[in-house]
Amino acid sequence: MWKRVHFASTNTIYEPDSETSSPSLTVSSLPSSASPDLLTPPPEEEDDYEPRVYPRTPYSKQLELHQDIVIPQPVDQMQIHFILAFAPYTDPAIYYDLSLPPTSIDHNYPVQAFSEPATSPPMPSLFISHPSLKFHIEVLPSTPIAGAYVSVSDVLAKLYRELRLSIHPMEYAELPDGEIRQSVDAAYYSRCGRIRDIEDRMQEERKGIKKIDLLMGNTRFMGLSGTLSGPDIWELNVA
C-alpha cells in the first residue's frame, strides 16, 4: 500500500518517554569483540535506571512537508533514536569522531540509553549508506537471539569496525583522479600522522587506505537520516 506523503529533510525522532516508543524495551548488549568497555552500565546501577531522565530532544518530531514525493507508508512511521538522529541545523546529541573507538564518545546520557533500540519500532537489522562508500554497512543485533533488535550501541560499534577496514586496491583505482583522490590520500596521511609512536605509525601506514579515509577527513558523526530506499536504510552524515 503506497501513500502520498511529504518527505522530510529532518528525521522523526523518538525518546524513551515518547508515546511512540516501543512499549517494552529489552537490553541488547555490545559484543565483547567490538569495544569491551563501550557504554556498559555498572551492574549496581541497573535497578535504579529511569528512562525518563532524558532531556527533551531539540529536534522536530514532525515531518516537515515537501511536495510530490511518494514513498512507502512504513517509512513515514519509522523513527530514529535521538542519540543517532541527524538534524541539519542542530549539533548532534553526542560528540563522536568516527576514527576513534566508541569508548571516546562524549555524552551526558545514562549508559543504558545506548542499549535501547536504534529505531522505533525496533528493527532486526538495518543498513547505513554514504555517497563515498561503495557498499551499504549492515548492522545486526549484537546478541543473535529471537526478537533481538539493533541497538544504538550496535550502530556506533559497527560504524567504527566497518570504517577501520582497509579498502581493496581496485576500489582505490576506481576513485576519480583529481580533488577526490587527493583528499582521500590527505585523509590517510593525516590519520596516520596523528599516531605518535613511530613503530605504530609505520604499522598503520602499511595497512593502507581504510574506509574511514574515503570520508576525506570528515569523520565527525552528525547522525543518521532517513532515505527513500526503505525504513531499514539510513544515510550517514558526517562533518
Among the residues of region 209-237, which ones are in a loop (DSSP other than H, G, I, E, B) and either within 11 Å of the chain's Cα centre (by Cα) or under 20 Å from PRO101 (Cβ atoms) (or both)?
-> ILE209, GLY217, ASN218, THR219
Taking the stated definitions as given, is ALA148 open to solvent by less than 50 Å² (accessible area, probe 1.4 Å) and closer than 25 Å to ILE105 by Cα?
-> yes
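Taking the conditions exactly as written (farther than 21 Å from LEU100 by Cα, part of a loop (DSSP other than H, G, I, E, B), hydrophobic (A, V, I, L, M, F, W, C) and in contact with a Lys or Arg (Cβ under 7 Å, 6 or more places away or on another chain)), does LEU175 satisfy them or not? Steps first, answer last, please.
Working: farther than 21 Å from LEU100 by Cα: yes; part of a loop (DSSP other than H, G, I, E, B): yes; hydrophobic (A, V, I, L, M, F, W, C): yes; in contact with a Lys or Arg (Cβ under 7 Å, 6 or more places away or on another chain): yes.
Considered against the rule, which asks whether it is farther than 21 Å from LEU100 by Cα, part of a loop (DSSP other than H, G, I, E, B), hydrophobic (A, V, I, L, M, F, W, C) and in contact with a Lys or Arg (Cβ under 7 Å, 6 or more places away or on another chain), LEU175 comes out as yes.
Could you please find all residues in region 169-188 being of a type outside the set (A, V, I, L, M, F, W, C) and surrounded by 12 or more Cβ atoms within 10 Å (Cβ to Cβ)?
First, pick out the residues of region 169-188 that are of a type outside the set (A, V, I, L, M, F, W, C): 169, 171-172, 174, 176-179, 181-183, 185, 188.
GLU171, TYR172, ARG181, GLN182, SER183, ASP185, TYR188 - these are the residues of region 169-188 that are of a type outside the set (A, V, I, L, M, F, W, C) and surrounded by 12 or more Cβ atoms within 10 Å (Cβ to Cβ).
The values are calculated or read from the model by the stated rules, or taken from the named source; none is laboratory data. This one's a predicted model, so the numbers in the text were calculated from it and none came from an experiment. A quick note on method: Cβ atoms are made from the backbone with ideal geometry, for glycine too, and the neighbour counts reach across all protein chains shown. Only protein heavy atoms, including side chains, enter the accessible area calculation; ligands, DNA and RNA are left aside. Shrake-Rupley method; radii C 1.70, N 1.55, O 1.52, S 1.80 Å.
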